[in-house]
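Enquirer: Have a look at this one before I ask anything.
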Number of protein chains: 2
Amino acid sequence: MAHAPNPPPATIGGASLDAIGTPALLLDIVKVDRNIARLRAHLDALGVLFRPHVKTAKSIDVARRLFPDGVGSITVSTLAEAEYFASAGFADITYAVGLAPDRIARARALVARGVTLSVLIDTREQATALADAARAGDAMPGVLIEIDCDGHRGGVVPEDPALPEIAGILREGGVEVRGVLTHAGESYACRNGEGLAEAAERERAAVVTAAAILRAQGHAAPVVSVGSSPTAHFARTLDGVTEVRAGVFMFFDLVMLGIGVCTVEDIALSVLATVIGHRPEKGWILIDAGWMAMSRDRGTQAHPIDQGYGLVCDIDGRPFGDLIVGDASQEHGIVRIRPGSAAGLAELPVGSRVRILPNHACATGAQHLSYHVIETGSRMVVAEWPRMGGW
Amino acid sequence: MAHAPNPPPATIGGASLDAIGTPALLLDIVKVDRNIARLRAHLDALGVLFRPHVKTAKSIDVARRLFPDGVGSITVSTLAEAEYFASAGFADITYAVGLAPDRIARARALVARGVTLSVLIDTREQATALADAARAGDAMPGVLIEIDCDGHRGGVVPEDPALPEIAGILREGGVEVRGVLTHAGESYACRNGEGLAEAAERERAAVVTAAAILRAQGHAAPVVSVGSSPTAHFARTLDGVTEVRAGVFMFFDLVMLGIGVCTVEDIALSVLATVIGHRPEKGWILIDAGWMAMSRDRGTQAHPIDQGYGLVCDIDGRPFGDLIVGDASQEHGIVRIRPGSAAGLAELPVGSRVRILPNHACATGAQHLSYHVIETGSRMVVAEWPRMGGW
């Protein structure tokens, strides 16, 4: 598949964070580039392919920062993402959500366009549906079998007799058993880096064991895929693994901060908001970023430091100590000092601008139609990048 | 302002719920019409103007169902909504979120287009900014002063000396003091209808008191506006009130069910999803609707009945007893029996379709680009209606 030319980013003529409409999603591209370089260096040292997950960014412009020549191997969470990125020249795509049988036709259409597509299954029913489809014609995706490494979500455990049975159904139908894939979702329950190296090792061991079982049955199973942003950063060895997926690492967020994967300065995504009122008797500052701008994600609710709906920074991105968005309605945020803190409320007159660091970059990003791109230390918006959505 | 002609809804040729792509946002228009008729009859009996809030629907097609001639008085939560609905002929609009001073120019542009626009403020700073703008030219919106009736969010309490001061600043600047507005946000803390009539009475009393204070100062203050979906349905008298706002009532949701405002059969919004896997040893069914399709809203978390991320129904909308979406990641939902229930797991093979009733219609709607419109008792999709977003 021919690569589409890299278009220059749409520029919006030097608008300032003091002047653009709020709420607005800001992306510090200097931090994005640094976050990408950090994980790439770690994975290069471990000798594995880096297959970033673009579900967090949902943006061709962001995805181009991942690869020196503008395209590369990616992971997606929907077929709509696969189609969008394929249109921009991305030709090696793993769709890492269990395949509904009625999506086989859309997957085949991508293969017919020249995309090397891998799909994910973990049941005999899905294998049978794929085998039946293959008997009806070519242009089939390769298949990864989902392995459960920590009981978090889907997948079969390596010892499950379903694993070789699924592979056998695929082989009989002439569908390529491309390998195995797992996601260490339980690593999000770790705190302050504790246990992340162990979670990464459990993830590695499960999927390598599963690949060995398939190979013992005569399947080539060339792909052995692991991935979560926490384990990707803390893996000490990836022997037997061929590729690593991760997505939120590009932007980071307060959940990653709470787990100990990044510092507050690494967080590249924020929401610009304007002060619209005060309730001094309650210790509240009202802003125009509610859950429509931040999302309803309360991912730090069970963390030692509960960040509410987000951590409040000044317009230049410097956090105000213990100031958080304590509550949110659709278009209102209630800013207050974190419970238990002795910090004082910042002086923020009506019309002031603040930036909110989000709990969960994937969820906050999804509330917005585009990124306003900035560079660390500057208030100038250097570009506006669209985001895609839907299924 | 001339009314735009009512376009026929975009039809999608009789696609069936068995065949459309998932996840998909479904809207049962028979239930919508019934929910609208119910509240309209109640408010007609109380003798007040009905000014529905379109922030839940964000759709011109839905808004047209509210009014016999296709347009009428509405409430919005963003200026982007005001501009979108104005383009469709809606010419009497209240923007019910505290005005950031740098939005005055956009508000004036709407007035210059012929829209009767009311904006909301509760500080002297906002009043001064409006007065300054009025001195620089005409085409100013009218102003409603936000009243706090229950300590929930913004507004001034009726007895606050800021109330007459704000009105005085506006009068000096030549800006119309159009009246007062309040929102009984605390009514969402009621359960099973208890206390809702009392909350409605507190809401009424606060705003009527505030209007009397302004009128004693010589302001006409013709608008006395109350509104929340719970109190709108339970108000017994609205003496002194001129209009009622409500939004979620068109669709209803599991939060409204938990508060006692609707029955499960009244809920018009649902998300169609497909089964993509099973973990029988855990009692889990995996579906392709995660938080990207449902939102992260956990509005029933503190209710006596916690509905998780949504209540699971069959493809025809009949609930499966205690089956809920117990957990969600971006594109995965984990369906399971509610904790403590003795109900058995439904038989739902891979590829089966289910419908999920949402906690919060505003939040779930915002995750989707359009509605697939259906009619109670039928699987045919009769239209696809776009939703707007952004600010």
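The values are calculated or read from the model by the stated rules, or taken from the named source; none is laboratory data. As the structure is a computational prediction, the values presented were derived from the model and not from experiment. Here the Cβ positions follow ideal geometry from the backbone for every residue, glycine too, while neighbour counts run over all protein chains shown. All accessible areas refer to the heavy atoms of the entire protein, side chains included, with ligands and DNA or RNA removed. Shrake-Rupley method; radii C 1.70, N 1.55, O 1.52, S 1.80 Å.
Enquirer: Around residue B:37, under 11 Å between beta carbons, what's the net of Lys plus Arg minus Asp minus Glu among the other residues?
Expert: Summing Lys and Arg as +1 and Asp and Glu as -1 gives +3.
Enquirer: What are the residues whose amide H is under 5 Å from the amide H of residue A:55, where those residues sit 5 or more places off or on another chain and H is modelled from the backbone?
Expert: The list, which skips near neighbours in sequence, is A:77.
Enquirer: Anyone know which of B:349, B:280, B:319 comes out most mobile in the 10 Å Cα GNM of chain B?
Expert: Evaluated over chain B, the most mobile residue of the options is B:280.
Enquirer: Between chains A and B, what is the buried accessible area summed over both chains (1.4 Å probe, protein heavy atoms, nearest 100 Å²)?
Expert: That pair of chains buries around 4400 Å² in total.
Enquirer: Given a 1.4 Å probe and every protein chain left where it sits, what share in percent of the accessible area of segment B:306-375 is carbon and sulfur?
Expert: 50 percent
Enquirer: Probe of 1.4 angstrom, ligands and nucleic acids ignored: what's the accessible area per residue over segment A:173-252, in square angstrom?
Expert: 34 Å²
Enquirer: Using heavy-atom solvent-accessible surface (probe 1.4 Å) with all chains present, what is the largest-first order of B:172, B:146?
Expert: Listed by decreasing accessible area, they come as B:172, B:146.
Enquirer: Still on this structure, I have one more. Quick one: label points 7 angstrom along Cα→Cβ at residue B:316, distances to the other copies in nm, smallest first?
Expert: 6.5
Enquirer: Specify whether the C-alpha gyration tensor of segment A:352-391 places it in the rounded, prolate or oblate class, a ≥ b ≥ c being the square roots of the eigenvalues: rounded for a/c under 1.5, otherwise prolate if a/b is larger than b/c and oblate if not.
Expert: Because a/c hits 1.5 or more and a/b fails to exceed b/c, segment A:352-391 counts as oblate.
Enquirer: Which listed residue (B:137, B:167, B:149) has the Cα farthest towards the positive end of the charge dipole for segment B:125-178, taking +1 on Lys and Arg C-beta and -1 on Asp and Glu C-beta about the Cα centre?
Expert: Going by the Cα projections, it comes out as B:137.
Enquirer: How far is residue B:239 from the same spot in each other copy, in nm, shortest first, if each label point sits 7 Å from Cα toward Cβ?
Expert: Output for residue B:239: 8.5 nm, nearest copy listed first.
Enquirer: Ok, one more. Please label the shape of chain B as rounded, prolate or oblate, based on the square roots a ≥ b ≥ c of the eigenvalues of the alpha-carbon gyration tensor (a/c under 1.5 means rounded; beyond that, a/b larger than b/c means prolate, else oblate).
Expert: Because a/c hits 1.5 or more and a/b exceeds b/c, chain B counts as prolate.
Enquirer: Next question. Between rounded, prolate and oblate, where does the protein assembly as shown land on the alpha carbon gyration tensor, with a ≥ b ≥ c its root eigenvalues, rounded for a/c under 1.5, else prolate if a/b exceeds b/c?
Expert: prolate
Enquirer: Here is a further query. Relative contact order for chain B using alpha-carbon pairs under 8 Å, separation at least 6, rounded to a whole percent?
Expert: It rounds to 21 percent for chain B.
Enquirer: May I pose another question? Could you please state, rounded to a whole Å, how far the C-alpha centre of segment B:208-280 is from the C-alpha centre of segment A:131-184?
Expert: 49 Å
Enquirer: Return the single residue from B:307, B:367, B:330 with maximal mean-square fluctuation; model: Gaussian network over chain B, springs between Cα atoms under 10 Å.
Expert: B:330
Enquirer: Name the residues of segment A:76-125, by number, that are at least 40 Å² less accessible with every protein chain in place than in the isolated chain; the surface is that of heavy atoms, probe 1.4 Å, without ligands or nucleic acids.
Expert: A:97, A:102, A:103, A:125
Enquirer: Find every distance from the label point of residue B:16 to the corresponding label point in the other copies (7 Å from Cα along Cα→Cβ) and write them in nm, one decimal, shortest first.
Expert: Distances to the matching label points in the other copies: 6.1 nm.
Enquirer: While we're here: Where nothing but the Cβ of Lys and Arg (+1) and of Asp and Glu (-1) is charged, how large is the charge dipole of chain A around its Cα centre, in debye to the nearest 20?
Expert: I would put it at about 420 debye.
Enquirer: Per-residue ellipticity at 222 nm for the protein assembly as shown, helices alone: DSSP H runs ≥ 4 residues times -39500 (n - 2.57), over residue total, nearest 500 deg cm²/dmol?
Expert: It lands at -8000 deg cm²/dmol.
Enquirer: Nothing charged except the Cβ atoms of Lys and Arg (+1) and of Asp and Glu (-1): what's the magnitude of the dipole of segment A:77-170 about its Cα centre? Round to the nearest 20 debye.
Expert: Result for segment A:77-170 is approximately 440 debye, rounded to the nearest 20.
Enquirer: Please report the net charge: other residues with Cβ closer than 13 Å to the Cβ of residue A:271, K and R +1, D and E -1.
Expert: -3
Enquirer: Counting only protein heavy atoms, probe 1.4 Å: which residues of segment B:153-196 lose 30 Å² or more of accessible surface in the full assembly compared with their chain by itself?
Expert: B:153
Enquirer: In peptide B:361-373, how many Cβ atoms from other protein chains are near each Cβ within 10 Å, on average?
Expert: 2
Enquirer: Now for a different question. Each residue of segment A:342-354 in turn: what ³J(HN,Hα) in whole Hz from Karplus with 6.51, -1.76, 1.60 and θ = phi - 60°, glycine and Pro shown as x?
Expert: 3J(HN,Hα) across segment A:342-354, in whole Hz: 9, 5, x, 6, 5, 7, 9, x, 3, x, 5, 10, 9.
Enquirer: Counting only protein heavy atoms and a 1.4 Å probe, tell me what percentage of segment A:155-299's accessible area is made up of carbon and sulfur.
Expert: Here carbon and sulfur together make up 53 percent of the probe-accessible area.
Enquirer: Could you quickly flag the chain B residue whose beta carbon comes closest to the rotation axis taking B to A, and that distance in whole angstrom?
Expert: Smallest Cβ distance to the axis, with its residue: B:296, 2.
Enquirer: Ok, one more. A 29 angstrom limit on the alpha carbon distance is what I want to check against. Which of B:55/B:282; A:58/B:55; A:55/B:55 exceed it?
Expert: Check vs 29 Å cut-off fails for B:55/B:282.
Enquirer: Oh, and also: Just to be sure I understand: with springs between alpha-carbon atoms less than 10 Å apart, which residue in B:234, B:85, B:67 has the highest mean-square fluctuation in the Gaussian network model of chain B?
Expert: Checking each option, the largest mean-square fluctuation is seen for B:67.
Enquirer: To the nearest 10 square angstrom, what accessible area does residue A:215 show with a 1.4 Å probe?
Expert: 110 Å²
Enquirer: Next question. Note the per residue figure in Å³ for the convex hull of the C-alpha positions in segment A:243-332.
Expert: 114 Å³
Enquirer: Taking the Cβ of residue B:389 as the center, what net charge do the other residues with Cβ under 12 Å away carry, scoring Lys and Arg +1 and Asp and Glu -1?
Expert: Counting the neighbours of residue B:389, the net charge comes to +3.
Enquirer: Show the residues, 5+ positions off or on another chain, whose built amide H is closer than 5 Å to the amide H of residue A:278.
Expert: Answer set, sorted by chain and number: A:286.
Enquirer: Here's another thing I want to ask about it. Taking the full set of protein chains and a 1.4 angstrom probe, give the accessible area of residue A:288 in square angstrom, rounded to the nearest 10.
Expert: It works out to around 10 Å².
Enquirer: Which order do A:188, B:84 take when ranked by solvent-accessible area (1.4 Å probe, heavy atoms of all protein chains), largest first?
Expert: Sorted by accessible area, descending: A:188, B:84.
Enquirer: Can you list the residues, at least 5 places off or on another chain, whose amide H is less than 5 Å from the amide H of residue B:26, using H built in the peptide plane?
Expert: Sorted by chain and number, the residues that satisfy this are B:270, B:271, B:272, B:372.
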